[in-house]
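Structure, as structure tokens:
Since every read-out is calculated from the coordinates, none of them should be taken as a lab result. Since the structure is predicted, the reported quantities are computational estimates derived from the model, not experimental observations. Cβ: placed from backbone, ideal geometry, glycine included. Neighbour counts: every protein chain shown.
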Amino acid sequence: WKIIHLDEVNSTNDYAKSIAEESPEGTVVIAKRQTAGKGRKGRSWASPQGGLWMSVILKPERTDPRLVFVGALAVVDTLADFGIRGWIKWPNDVWVEGKKIAGVLTEGKAEKFVVMGIGLNVNNEIPADLRETATSMRAILGKRLEFNEVTNRVLAHLGRWYKLFQEEPLNVIEAVKERTLLINREVTVIHSDGEISGTAVDILEDGSLLIDTGEVRVRVVYGDVSVR
Ligand code: BTN
């Protein structure tokens, strides 16, 4: 990894995208604070000091939407290193004790690069209006964590899962299935022109979520959906 440390930036994803074409794979951008952190679907991502706001430049042979799982798995394994049990909320969130602790946002330019943005609440304060739904490692463990240790763990796990992904993406899908919250749960998927409710029954090889509505089985491709 070649790490670029910034004090403040609008979004590490935007910064990484701006340098991605001329930067080697494995370039990492980490900022102490983001002034315009981005979540999926145009949402904003609160990014005060103390959290891990990081974007990794990857240059896979093919762009593959399943890459987002590599980031989620790296976070779940990092949490486990600190004794925290985290779950992947398909497709790109990590939850602990019923609250969101991390999110992954991949962006890219087809056949050129992928920027994998990871936001993990480590020691940062959770804004008051998010406390019902979001948590941090510090809140869970009741103590501050060694920030560099968390960063190094995420990068180590990310490297390992990325390598496995390139060798055999299906191993990654299997790992996601073991760490996912949704299987056998009642879910509602919200997409561009409506909602589907039913039981989530499987994550398929292409990374899509299979939902049984009671009448039909629907395959939901991620990217344009959120699950509630
Ligand atoms: C989500 O849950 O919707 C994804 C959140 C991703 C947040 C991270 S923080 C580092 C990187 N830079 C951004 O602007 N967003 C991602």
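Numbers for the structure displayed
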{"quantity": "The chain: angle of helix 147-167 to the longest principal axis, Cα-based, in degrees nearest 10", "calculated": "50"}
{"quantity": "Per DSSP, loop chymotrypsin sites (Phe, Trp or Tyr not before Pro) in segment 142-196 with at most 13 further Cβ within 10 Å", "calculated": "none"}
{"quantity": "Amide hydrogen neighbours beyond the local backbone of ALA31, cut-off 5 Å, H modeled", "calculated": "LEU6, TRP53"}
{"quantity": "Linear extension gain, ASP212 paired with ASP81, 0.36 nm per residue minus alpha-carbon span", "calculated": "43.7 nm"}
{"quantity": "Two-decimal log10 I(q)/I(0) for segment 186-227, as the Debye equation yields it once each C-alpha is a single scatterer, q = 0.15, 0.17, 0.22 Å⁻¹", "calculated": "-0.29, -0.38, -0.64"}
{"quantity": "CD proxy at 222 nm, helix term only [per DSSP H run n ≥ 4: -39500 (n - 2.57); per residue of the chain; nearest 500]", "calculated": "-8000 deg cm²/dmol"}
{"quantity": "Inter-label distance, nm, simple model (7 Å from Cα along the C-beta direction), ARG33/ALA156", "calculated": "3.1"}
{"quantity": "Whole-Hz ³J(HN,Hα) from phi, Karplus 6.51 cos²θ - 1.76 cosθ + 1.60, for segment 62-77, glycine and proline x", "calculated": "10, 6, 9, x, 5, 4, 4, 5, 4, x, 5, 5, 4, 5, 4, 5"}
{"quantity": "Percent of Cα pairs exceeding the 32 Å cut-off, where the set is the chain", "calculated": "15"}
{"quantity": "Footprinting exposure proxy for VAL189, VAL70, VAL154 (fewest neighbouring C-beta atoms within 10 Å first)", "calculated": "VAL189, VAL154, VAL70"}
{"quantity": "Inter-site label distance for LEU130 and ILE196 at 7 Å from Cα along Cβ, in nm", "calculated": "2.9"}
{"quantity": "GLY39 long-range amide H proximity, modeled H, under 5 Å", "calculated": "SER44, TRP45"}
{"quantity": "Sorted by Cβ neighbour density within 10 Å, fewest at the top, the residues ILE173, ILE88", "calculated": "ILE173, ILE88"}
{"quantity": "Residue exposure sequence - ILE3, ILE183, ILE126 - by fewest surrounding Cβ within 10 Å", "calculated": "ILE3, ILE183, ILE126"}
{"quantity": "In segment 20-54, GluC sites (Glu not before Pro) in a DSSP loop with at most 11 other beta-carbon atoms within 10 Å", "calculated": "GLU21, GLU22"}
{"quantity": "Alpha-carbon radius of gyration plus Dmax, which is the widest Cα pair, for segment 113-155 in Å", "calculated": "12.2, 38"}
{"quantity": "Gained length - ASN184 relative to ARG62, 0.36 nm times residue gap less alpha-carbon distance", "calculated": "40.7 nm"}
{"quantity": "Built amide H within the under 5 Å cut-off of GLY108, gap 5+", "calculated": "VAL115"}
